[in-house]
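A.B. asks: Take a look at this one; I'll ask things after.
The values are calculated or read from the model by the stated rules, or taken from the named source; none is laboratory data. Not measured: the values here are computed from a predicted model. For neighbour counting, all protein chains shown are included, and Cβ atoms are generated from backbone atoms with ideal geometry for every residue, glycine included.
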Amino acid sequence: MWQMDLAAFVRANDVVKGRTVTVAVQEIVFKKPVKIGDTLCVYTTIERIGRTSVTLGLEAWTRRDDQTLREKVTEARFTMVAVDADGKPRPIAPAALPAEAGA
């Protein structure tokens, strides 16, 4: 879960062109275990951009030591809020929105 939070943080910071904090994990589904030695890949998609927040869908996939195919092991939805230097919510500038957000 920590690596998914880190992936959400990195992607949200890129979207808002500044710092974000995790305010909610609305859903997390553990489909299969992650084992020691697995290679983990976490992918993000932007689901919604609000005035101060970004909701991201995340998927974690693993490649086991003895396999070449990847398996989806976890999916989740995180909400990140853009914050200012004082840690207070700040509006997301429209110019910061990526093309995929529909802005």
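A.B. asks: Tell me which residues, restricted to the range 39-56, are touching a residue at least 12 places away in the same chain (Cβ under 8 Å) and surrounded by fewer than 17 Cβ atoms within 10 Å (Cβ to Cβ).
C.D. replies: THR39, LEU40, CYS41, TYR43, THR45, GLU47, GLY50, ARG51
A.B. asks: For the range 9-34, what are the residues that are charged (D, E, K, R) and either more than 15 Å from GLY57 (Cα to Cα) or surrounded by 13 or more Cβ atoms within 10 Å (Cβ to Cβ) (or both)?
C.D. replies: If the condition is that a residue be charged (D, E, K, R) and either more than 15 Å from GLY57 (Cα to Cα) or surrounded by 13 or more Cβ atoms within 10 Å (Cβ to Cβ) (or both), then ARG11, ASP14, LYS17, ARG19, LYS31, LYS32 are the ones that fit.
A.B. asks: Hey, another quick one. Which condition does LYS17 not pass, out of (1) at positive phi; (2) free of Cβ contacts under 8 Å to residues at least 60 places away in the same chain; (3) not hydrophobic (A, V, I, L, M, F, W, C), if it passes all the others?
C.D. replies: Every condition holds for LYS17 apart from (2).
A.B. asks: Inside the range 60-84, can you point out the residues that are within 16 Å of the chain's Cα centre (by Cα) and not charged (D, E, K, R)?
C.D. replies: The answer is ALA60, TRP61, VAL73, THR74, ALA76, PHE78, THR79, MET80, VAL81, ALA82.
A.B. asks: Could you please let me know if ARG19 is more than 12 Å from THR55 (Cα to Cα), at pLDDT 95 or above and of a type outside the set (A, V, I, L, M)?
C.D. replies: Answer is yes for this residue.
A.B. asks: So which residues in the range 57-72 are assigned to a loop (DSSP other than H, G, I, E, B) and either surrounded by 13 or more Cβ atoms within 10 Å (Cβ to Cβ) or modelled with pLDDT of 95 or more (or both)?
C.D. replies: Listed by number, the list holds a single entry, ARG64.
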